[in-house]
Every structure is written in C-alpha cells, then in structure tokens.
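The values are calculated or read from the model by the stated rules, or taken from the named source; none is laboratory data. All of these numbers come straight from a predicted model, not from anything done at the bench. Quick reminder, even Gly has a Cβ in these numbers, built from the backbone with ideal geometry, and neighbours come from all protein chains shown.
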Amino acid sequence: MNQPVVAGSPYPNYLVWSIIVTVLGACFCCLIGAAPGVVAIVFGSQVGSKLAAGDEAGARRASEQAKLWCWIGTALVAVGVLWTILSFFIEGASFMSQEFLEQVRQAQGR
C-alpha cells in the first residue's frame, strides 16, 4: 500500500494505514492484532517531528519502521479475518451435523 507523502516530507508516515490496522486488529484479533498498529502509529508520528528537527535519516528509519509494523498488523488482521470466517463455518457445520444426528436418532426410535 503506498501512502501519499506528507506535504514537504520525502517520507510517508503511514498514519492512515496504521490507524485502520489498529481498529481492524482490535475488532478481529483482540489486542494482539491492535498492538502492531499502535507501534506503527508511534513510528509514523515520529516522521514529521524528526524531519522538522533536521534528522532526515531518523525520519527515513521511522517511516520504514511504520511501514514494517503496518505490514505485520495487516498480516495479523488477515489471519484474524480468516479465523473468524473459518470458525463461523465450523460452528455452522457442527450445528448442522448435530441436527442431522438428532434426526437420525428420531428416525431410529420409530
């Protein structure tokens, strides 16, 4: 995901991506999924302040770290979404199989 570069900054801060990952991580993976997003927010917020202080190398590193943590959070969110979908279908299949077994028992009892 390419993040638009902040006006006057040669390095993206990835704040939008990191906030989205944090919210989705909290929804699908509990706090474990939200933690990388929070770390990305911290690094992303450092980009502008490091540039303002004249630390271009630090701003570049902060931008790279924010991107890395956004990808880690995105992976955890993807796993959380897949887990949620999978567990929904497993629970549904389990319910349907129990219903089927009950029907078989009732048919045998007749």
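Give region 58-110 a look and list any residue that's over 30 Å from residue 47 (Cα atoms) and among the hydroxyl-bearing types (Ser, Thr, Tyr), or say none.
Of everything in region 58-110, those that are over 30 Å from residue 47 (Cα atoms) and among the hydroxyl-bearing types (Ser, Thr, Tyr) turn out to be 84, 87, 94, 97.
Within region 49-66, which residues are closer than 26 Å to residue 33 by Cβ and surrounded by fewer than 21 Cβ atoms within 10 Å (Cβ to Cβ)?
61, 64, 65
Quick test of your reading of the structure: residue 26 fulfils all but one of (1) within 28 Å of residue 86 (Cα to Cα); (2) modelled with pLDDT of 95 or more. Name the failing condition by number.
Unmet condition: (2).
Here are the criteria: (1) out of contact with any Pro (no Cβ under 9 Å at 6 or more places or on another chain); (2) charged (D, E, K, R); (3) at pLDDT 85 or above. Tell me which single one residue 110 does not satisfy.
Unmet for residue 110, out of (1) out of contact with any Pro (no Cβ under 9 Å at 6 or more places or on another chain); (2) charged (D, E, K, R); (3) at pLDDT 85 or above: (3).
Among the numbered criteria (1) over 13 Å from the mean Cα position of the chain (by Cα); (2) at pLDDT below 95, which one does residue 63 miss?
It is condition (2) that residue 63 fails.
Limited to region 16-28, what total is found for residues that are buried (at least 22 other Cβ atoms within 10 Å of the Cβ) and either free of Cβ contacts under 8 Å to residues at least 12 places away in the same chain or over 8 Å from the mean Cα position of the chain (by Cα) (or both)?
We begin by selecting, within region 16-28, every residue buried (at least 22 other Cβ atoms within 10 Å of the Cβ); these are 17-18, 21-22, 25.
Going one step further and asking which of them are either free of Cβ contacts under 8 Å to residues at least 12 places away in the same chain or over 8 Å from the mean Cα position of the chain (by Cα) (or both), we end up with 17-18.
Matching residues across region 16-28 total 2.
Does region 30-57 hold any residues that are of a type in the set (Gly, Ala, Ser) and either in contact with a Ser or Thr (Cβ under 9 Å, 6 or more places away or on another chain) or under 17 Å from residue 20 (Cβ atoms) (or both), and which are they? Steps first, answer last, please.
Applying the first criterion (of a type in the set (Gly, Ala, Ser)) to region 30-57 yields 33-35, 37, 40, 44-45, 48-49, 52-54, 57.
Listed by number, the residues that qualify are 33, 34, 35, 37, 40, 44, 45, 48.
Between a first residue in region 83-105 that is under 12 Å from residue 28 (Cβ atoms) and a second residue that is modelled with pLDDT of 70 or more, which pairs have beta carbons less than 7 Å apart while being 6 or more apart in sequence or on different chains?
84/28
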